[in-house]
Amino acid sequence: MASFLLRRRISSSLGVSRTLHAGNMEPIWQHVELRIAALVTISCATRKYSSCAGTTKFDFTDLTRPHTWYPNARRKHRKVFLHMGPTNSGKTYHALKQLESSSSGIYCGPLRLLAWEVAKRLNKAKVPCDLITGQEREEVDGAEHKAVTVEMADVTSDYHCAVIDEIQMLGCRTRGFSFTRALLGISADELHLCGDAAAVPLIQEILKVTGDEIEVHYYERLSPLVPSKVPLVSFSHIQTGDCIVTFSRREIYRLKKKIENEEKHLCSVVYGSLPPETRTRQATMFNDASSDFDVLVASDAIGMGLNLNISRIIFSTMKKFDGIEMRDLTISEIKQIAGRAGRYGSKFPVGEVTCIDAEDLPLLHSSLKSPSPTLERAGLFPTFELMFMYSRVHQTNDLHQILEHFLDNAKLSENYFIADCEETLKVAAVIDELPLGLHDKYLFCISPVDMGDEISSQGLTQFAQNYANKGIVRLREIFTPGTLQVPKTPAALKELESIHKVLDLYVWLSFRLEDSFPDRELASSQKAICSLLIEEFLERLGWEMPIARRFQSRRRLSSQLLD
Ligand SMILES: Nc1ncnc2c1ncn2[C@@H]1O[C@H](COP(=O)(O)OP(=O)(O)OP(=O)(O)O)[C@@H](O)[C@H]1O
Ligand SMILES: [Mg+2]
């Protein structure tokens, strides 16, 4: 690996870190520390804890009343509007209209791309709007509105209007708890929830105890979606506006090559591990009618977030590896992906959907006709305050042990499940080796590290070690700027994607531990270079389009991006 020197240097001055961290604590942690200290004192005085020689035990693992964790929201009488319907039915459009006309508000989306799009839209409509994601803080003068990723939803401020998009994600194994937190915790007069109707009964159940008023609006698809009776048959039948969906990176590049070898089309690509800015630019090229990139090859990363001018979705497979096994796509997944064809207002008013393999057509047709199965439970995760209190009372700083205790013993009402935190446990196992306080450990555990990616997990380990040992993490210690190159092989491309993840992680940490991660600007500029080099690789991969056309399409793209 040319650019990253993930050195395994462990400083001997281990004691230093603790003192430094106290100074580095974000105000929120200081606040938490103080509140918890107060709580522990009060509760011990009233003999609530088992360690306080009392008789009544305070059960930290009792998570049966999560609505009580958010006193601000409970003081409000919230009017909750549910905008429910299939993809492309105008749910978000209607909620955003309300947000735009409110005196203050917050939009919470599942992806950075969606938060970017909403901030851009509101600012364009002369409603100043901040953009806040894990890795970005773009503040606009006089803004009373914010567009954020759902994990960044602020449950301490008051808003007139709030929107939570793709609310059905509260059933997501890993991220669902952040949607639940936003649903229960945002303090707003009006709360607009957009998503699949499968979430309606669960939301109604959950909100029974909050005293909120609920109004449900159902929407119909704005443009027709026609499932084809015949499969694609041959790649020579690929047309402008087609999007071929597959689920592995390797397949994405194989299909792109195969289509481009016919010398009729150039393909943009979109998949999860591409940097978000690269995904946006690939989508922009595909959407631009005058660009040569008129076909898209993508993973299910297109299921949400990007506004795409797709005429036809072609499933190359109906099976996906979910981290454990190969399984059929679910009804919801098929509907969500297929629904991207024929976006209302685009140049393809009617969407079409088909498969490469004729054997897949029955599953496609039956899924499109079926309603998505009703969501039964929403994700939940103990707050940091609960874990902190547990750690104080049981006198342990071992986050892995604390997490496991909550996972094994959490008591939940029937509307909730405890979030899958396998990744978090993996990070905790690494971080617990280091002399860090619980809040620092927790920060590293909730950081956007991909522990399945070797370079990304090594990056996290290195950052945490340097932070614990020296209190300051200079990017240049593990990364040499100026060494990034256009990848020449798919393996080199993957490595560059991983390097982007590490730089992204540095930026994320720099927003939370500002003094200890001082090189945010360098990390951001190197991230941007990574994306450009990845795009250069993607462009070189296709058949050589005539030089003049290439320049034309680049110039067009640059002017759009500057827009
Ligand atoms: N009443 C309307 N007038 C003009 N454009 C509209 C209207 N309703 C929706 N649109 C446009 O139609 C497209 C689809 O709308 P929207 O994004 O709100 O759908 P959605 O139901 O949220 O879909 P998804 O589930 O895919 O997020 C958007 O480009 C939106 O701007
Ligand atoms: Mg939407």
Practice item. Using DSSP to define loop residues, name the GluC sites (Glu not before Pro) in the stretch 177-261 whose beta-carbon has at most 12 other beta-carbon atoms within 10 Å. Key: 220
**Study point:** Of all accessible heavy-atom area on the stretch 225-369, the percent that carbon and sulfur account for (1.4 Å)
**Key:** 53
Exercise for review: Only helices at least 20 Å long along their axis, Cα-based, and averaging -0.5 or more on Kyte-Doolittle count here, so list those DSSP H runs from the chain.
Suggested key: 27-45, 490-512, 520-541
Point to revise | Taking the stretch 225-369 and dividing mean pair separation by its residue count, relative contact order in percent (alpha carbons under 8 Å, at least six apart) | key: 32
Revision key, fill the gap. Taking a ≥ b ≥ c as the square roots of the Cα gyration tensor eigenvalues, with a/c under 1.5 meaning rounded and otherwise prolate when a/b beats b/c or oblate if not, the stretch 225-369 comes out rounded
Check your understanding: So how do 138, 536 rank on accessible area, 1.4 Å probe, biggest first, that is with the largest at the start?
Key -> 138, 536
Review point. Length gain on complete extension for the stretch residue 290 to residue 369, per 0.36 nm per residue less the alpha carbon to alpha carbon distance?
Key: 24.9 nm
**Study point:** Segments 351-364, 319-332 sorted - mean Cβ within 10 Å per residue, highest first
**Key:** 351-364, 319-332
Check your understanding: Under the Karplus relation 6.51 cos²θ - 1.76 cosθ + 1.60, θ = phi - 60°, what is the ordered set of whole-Hz ³J(HN,Hα) values for the stretch 188-195, x standing for Gly and Pro?
Key -> 9, 5, 10, 10, 9, 10, 10, x
Review point. Pairs 91/335; 257/501; 441/470; 256/494: which are spaced more than 22 Å apart, C-alpha to C-alpha?
Key: 257/501
Check your understanding: Using the heavy atoms of the protein chains alone and a 1.4 angstrom probe, what is the accessible area of the chain per residue in square angstrom?
Key -> 44
Revision key, fill the gap. Heavy-atom accessible area of the stretch 71-218 with neighbours in place, 1.4 angstrom probe: carbon+sulfur share in percent works out to 51
Review point. When DSSP assigns beta bridges and you keep just the ones with both residues in the chain, what percent turn out antiparallel, to the nearest 5?
Key: 10
Practice item. Using only the Cα atoms of the stretch 126-225, build the gyration tensor, take square roots of its eigenvalues as a ≥ b ≥ c, and label the shape rounded, prolate or oblate: rounded if a/c is under 1.5, else prolate if a/b is larger than b/c, else oblate. Key: prolate
Revision key, fill the gap. Looking only at lysines whose Cα falls under 19 Å of residue 258's and that sit 8 or more positions away or on another chain, we get 488
Check your understanding: Which cross-chain or sequence-distant (5 or more) residues have an amide H under 5 Å from the amide H of residue 193, H modelled 1.01 Å from N in plane?
Key -> 81, 82, 83, 164
Check your understanding: Counting only protein chains, not ligands or nucleic acids, how are 290, 413 ordered by accessible area (probe 1.4 Å), most first?
Key -> 290, 413
Point to revise | For peptides 373-381, 120-128, 158-166, sequence by mean Cβ density within 10 Å, most packed first | key: 158-166, 373-381, 120-128
Check your understanding: What is the chain's relative contact order, in percent, from Cα pairs under 8 angstrom and six or more apart in sequence?
Key -> 18
**Study point:** Kirkwood Rh (inverse of mean 1/r, distinct Cα pairs), the chain, angstrom
**Key:** 25.4
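The values are calculated or read from the model by the stated rules, or taken from the named source; none is laboratory data. What you see is a predicted model, and the numbers here were worked out from it, not measured in a lab. Positions of Cβ are backbone-derived with ideal geometry, glycine not excepted, and every protein chain shown enters the neighbour counts. Surface accessibility is based on the protein's heavy atoms, side chains included, excluding ligands, DNA and RNA. Shrake-Rupley method; radii C 1.70, N 1.55, O 1.52, S 1.80 Å.
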